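Values quoted throughout were computed directly from the atomic coordinates according to the rules given, and no laboratory measurement underlies them. Model, not experiment: these values are computed from the prediction. Note that each Cβ is placed from the backbone with ideal geometry, even for glycine, and that neighbours are counted across all protein chains shown.
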Amino acid sequence: MKYIEEFRDGDLARRIATRIRAEARPERSYNLMEFCGGHTHAISRYGIKDLLPGNVNMIHGPGCPVCVLPIGRIDNAIELATKHSAIVCTYADTMRVPASPAAGPPQGGQHPLGGCEPRASRGSGESLSLMKAKARGADIRMVYSAADALRIAQDNPARDVVFFAIGFETTTPPTAIIIRQAQALGLANFTVFCNHVLTPAAITHILESPEVRELGIVPLDGFIGPAHVSTVIGSQPYEYFAEEYQRPVVIAGFEPLDVMQAILMLVRQLNDGRAEVENEFTRAVTREGNEKAKSLVADVFELRRSFEWRGLGEVPYSALRIKESYAAFDAERRFGIAYRSVADNKACECGAILRGVKKPTDCKVFGTVCTPENPIGSCMVSSEGACAAHYTYGRFKDIEVRAA
Amino acid sequence: MTKVRSDYVRPVDFKHGRVDMTHGGGGRAMAQLIEELFARAFSNEWLAQGNDNALFTVPAGRMVMATDSHVVSPLEFPGGDIGCLAVHGTINDVAMAGARPLYLAAGFILEEGFPLATLKRIVESMAAASREAGVPVVTGDTKVVEQGKGDGLFITTTGIGVVPPGVEISGDRARAGDCILLSGTIGDHGVAIMSLRENLTFETTIRSDTAALHRLVATMVEAVPSIRCLRDPTRGGLGTTLNEFARQSGVGMLIHESKIPVRAEVNAACEFLGLDPLYVANEGKLIAICPPEDADRLLAAMRAHPLGAKAAIIGKVVADAHGFVQMETSFGGRRVVDWLTGEQLPRIC
């Protein structure tokens, strides 16, 4: 098929694999972090690790939008639907992210959605999610695009409609557009609960973490840079940390051949002792990015001083909020949302996994208590999450089952 | 003096009329709808008896029975509608035991306000499918629910059939070394439905593959009576059915992505919808597992039938206590084809 199969050609993949094996020096290792969940998914789905030599290691990064959403934010969204009776619209994966057991305001010891959560109070991991809140009567709707949320607001003028906006720089411009459209239409019942986060801030945070800087627990030699995010922000923002932290970055598309080629380019940079930003994804990414999208985002959003990420904790200047000039469309202002940080389940290692400190299989609950059907941690929710990708596509490797 | 005949009954208005509560009330309106629509469309000797049941003699041997409820949305889609789907779905479930389907029963749940014109179209399509398959609908039931309590029309069908002697087909009979065969392209039905969904409307030439597979099964069973497993990969698609077999039989599977036939248009649609064709529903395909020495003969028999023209051997059953279905990707790596998490496409059949 035109423009799909070309990027999944097995023969080409084997040729690149041969080059990687030939050029990777046996005396050293190559520890490469793919920042994006899209890359994590491609690596697992196409079995890319099977094509790499043993000393080229892929470390999963935190670039999965639903994975980094902290529990407190999901609680806020549930509260919007329950306490404020709003229609909450969101993308599909967000529906299944575990919230805290007692999400929403306590009402005389009773759960706001009827009945109490007896096991939850004991910290057993019985937690709510948008999906479970929906099953208990909250009006939560899955949308395919931000524009669908706007249409739902137009169709339901008597109800408050909130778009629960999540995602990195890729999904931010569409949110900016609907906020401007809502203003143009004078929609009084539509607001956005903004949770958009920023890639460069997260990468810097990982590189600044003690595990990478001082302790050396996480050997991190280079990065596969984001695909879709970079179509918006360009390759320029990565130049700072390539230079400052001396780590090569290769921006790559989400197709498996893109990933293979990027790995080869990183191996070459490391062999040459270079730390540059290179662009494998030239068919979509320029140095400057998409100026129109960037100016849209700058018009509607501004930096938050700090934002909590699951796994990374509070990361300074790592997220966006809606500007004063669009305050009427800001759900946080309209409903007076108070953010309350909630600790992750103690047994869950999502935090360490998102920082690259641990692998999914290092987690005690991986594949036992925590599965895609009943995720304890956010990495098990989205198919882009490191745990879900490994569970779904790669777990046969853990138990040494080989086909007869 | 009136010119109206004393036995005149105004016919049901199938042009502009709508289902109302009286159509399920057990009174004259219901009797009239059954007579003018259902009995006329499905017309056969059993319905003509006018009983609440159908009486027939059963052939000697083993019988199979299957039931299937249909809630597909939208009701009409490229390549079919809920009516023919309800016939094909149950015929296929019966046929997957290697059986010859004999009779069908059908239950209709109608929502108040449903256009009678649409109902007529669907019932006639259902009757045509039943006639074409040679499997009559011999008894049925109609209920009406208030507006807002249904979604237009739900149909449940039940079928019975008879299994030829010597045929032993069951999902728990796969053995390591057996070959896995697929009768044609996957994902057509799911993508055809998806193309019409609200918010997603996209143009495609893909049509549902809905079809009755019992004649294909009959030729397969005749050519290779030693077939061990047969199943039509409907909801959950190929990936789910293979996992079901693996669990039932206590074996693993290894399939090859490059051997699985997928239409280019289906691949393209799945690509931009973020779906995996392995998990997209089919309504006219089957998976067969047979001993390796019979595989080529079975493949030839399948390919000789129009519904199996694109059949392929896609992989092998392997010994694996963990019951993993693994796939060699076209890219050269290997991955698990796991049970589907959540729901890829709701209300697909």
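Which of the lysines could be linked to residue A:323 by a straight reach, that is with a Cα gap under 19 Å, when you skip same-chain ones fewer than 8 residues away?
A:292, A:294
For a Förster distance of 51 Å, can you work out the FRET efficiency between the beta-carbons of residue A:188 and residue B:176, rounded to the nearest 0.05?
0.20
Please get the size of the charge dipole for the protein assembly as shown, origin at its Cα centre, with Cβ charges of +1 on Lys and Arg and -1 on Asp and Glu, quoted in debye to the nearest 20.
It works out to roughly 560 debye.
Rg and Dmax in Å for chain A, alpha carbons only: what are they?
Values for chain A (Cα only, Rg and Dmax): 21.5, 67 Å.
On C-alpha positions alone, give me the angle between the axis of helix A:291-300 and the longest principal axis of chain A, in degrees, nearest 10.
The answer is roughly 30 degrees.
Shape of region A:308-404 from its Cα gyration tensor (a ≥ b ≥ c, root eigenvalues): rounded if a/c is under 1.5, otherwise prolate when a/b > b/c, or oblate?
It comes out prolate by the Cα gyration axes.
Once you have a ≥ b ≥ c as the square roots of the Cα gyration tensor eigenvalues for region A:238-312, tell me rounded if a/c is under 1.5, and otherwise prolate or oblate according to whether a/b is larger than b/c.
Prolate is the answer for region A:238-312, as a/c is 1.5 or above and a/b outweighs b/c.
Enumerate the amide H contacts of residue A:89 below 5 Å, restricted to partners 5 or more residues apart or on another chain; note that Pro and chain-start residues carry no placed amide H.
A:141, A:162, A:163, A:164
Report the charge-dipole magnitude of chain A in Debye, nearest 20, computed about the Cα centre from +1 at each Lys and Arg Cβ and -1 at each Asp and Glu Cβ.
In debye, rounded to 20, chain A gives about 800.
At 7 Å along the Cα-to-beta-carbon direction for both residue B:57 and residue A:5, put a label point, then send me their distance in nm to one decimal.
Each label point lies 7 Å from its Cα, and together they span 5.6 nm.
Positive end of the dipole of the protein assembly as shown, charges at C-beta (+1 Lys, Arg; -1 Asp, Glu), about the Cα centre: which of B:105, A:53, B:226 has its Cα farthest in that direction?
So the residue furthest toward the plus end is B:105.
Normalising by the residue count of region B:21-163, find the relative contact order in percent from Cα pairs under 8 Å and 6+ residues apart.
38
Please identify which residues in region A:162-205 have an amide N closer than 16 Å to a label point set 7 Å out from the Cα of residue A:333, following the Cα→Cβ vector.
A:163, A:176, A:179-184, A:186-195
Based on the Cβ-Cβ distance from residue A:214 to residue A:151, what FRET efficiency comes out when R0 is 56 Å, to the nearest 0.05?
Computed FRET efficiency for residue A:214 and residue A:151 comes out at 0.65.
Suppose each label sits 7 Å from its Cα in the direction of the beta carbon; what would the residue B:28-residue A:136 distance come out to in nanometres?
5.3
Please compute the modelled spin-label separation between residue B:259 and residue A:92, points set 7 Å along Cα→Cβ, answer in nm with one decimal.
For residue A:92 paired with residue B:259, the spin-label model returns 2.9 nm.
Take the alpha carbon atoms of region B:263-324, find their center, do the same for region A:136-154, and report the distance between the two centers in whole angstrom.
Here the two parts' Cα centres lie 37 Å apart.
Please identify, among A:176, A:188, A:99, the residue showing maximal mean-square fluctuation in a Gaussian network model of chain A using a 10 angstrom Cα cutoff.
A:188
When the helix-only estimate is applied to the protein assembly as shown (DSSP H runs of n ≥ 4, each -39,500 (n - 2.57), divided by the residue count), what is the mean residue ellipticity at 222 nm, nearest 500 deg cm²/dmol?
-8500 deg cm²/dmol
Could you tell me whether the protein assembly as shown comes out rounded, prolate or oblate from its Cα gyration tensor? Rule is a ≥ b ≥ c as square roots of the eigenvalues, rounded for a/c under 1.5, then prolate if a/b exceeds b/c, otherwise oblate.
Verdict is oblate for the protein assembly as shown.
Tabulate in residue order the Karplus-calculated ³J(HN,Hα) for region B:32-41, using 6.51 cos²θ - 1.76 cosθ + 1.60 with θ = phi - 60°, rounded to whole Hz; enter x for Gly and Pro.
Result, rounded to whole Hz: 5, 5, 5, 5, 7, 10, 5, 5, 5, 5.
Which Cα, out of A:298, A:210, A:251, lies furthest along the positive dipole direction of the protein assembly as shown (beta carbon charges, K/R +1, D/E -1)?
Among A:298, A:210, A:251, the one farthest towards the positive end of the dipole of the protein assembly as shown is A:210.
Using a Förster distance of 51 angstrom, determine the FRET efficiency expected from the C-beta separation of residue A:180 and residue B:121, and round it to 0.05.
0.70
Could you give the distance between the Cα centres of region B:30-87 and region A:183-238, to the whole Å?
First find each Cα centre; the distance between them is then 57 Å.
What's the exposure ranking of A:317, A:245, going from fewest to most Cβ atoms within 10 Å?
A:317, A:245
If you average the sequence gap of Cα pairs under 8 Å that are 6 or more apart and divide by the length of chain A, what percent do you get for the contact order?
The normalised contact order for chain A reaches 21 percent.
Sort A:64, B:84 so that the residue with the fewest other Cβ atoms within 10 Å of its own Cβ comes first and the one with the most comes last.
Going from least to most buried by this count: B:84, A:64.
Restricting to DSSP loop positions (anything but H, G, I, E, B) with no more than 16 other Cβ atoms inside 10 Å of their own Cβ, which GluC sites (Glu not before Pro) remain in region A:205-239?
Answer by residue number: A:214.
Full-extension gain between residue B:6 and residue B:272, please, as 0.36 nm times their residue separation minus the C-alpha to C-alpha distance.
89.5 nm
Nearest 20 debye, what's the magnitude of the dipole of region A:260-357 about its Cα centre given +1 on Lys and Arg Cβ and -1 on Asp and Glu Cβ?
Roughly 220 debye, rounded to the nearest 20.
Once you've got the Cα coordinates, tell me which of A:49/B:259; B:120/B:143; A:49/A:359; A:83/A:132 are over 18 Å apart.
Exceeds cut-off: A:49/B:259.
List the GluC sites (Glu not before Pro) in region A:1-97 that DSSP assigns to loop (not H, G, I, E or B) and whose Cβ has at most 14 other Cβ atoms within 10 Å. Which are they?
Qualifying residues, ordered by number: A:27.
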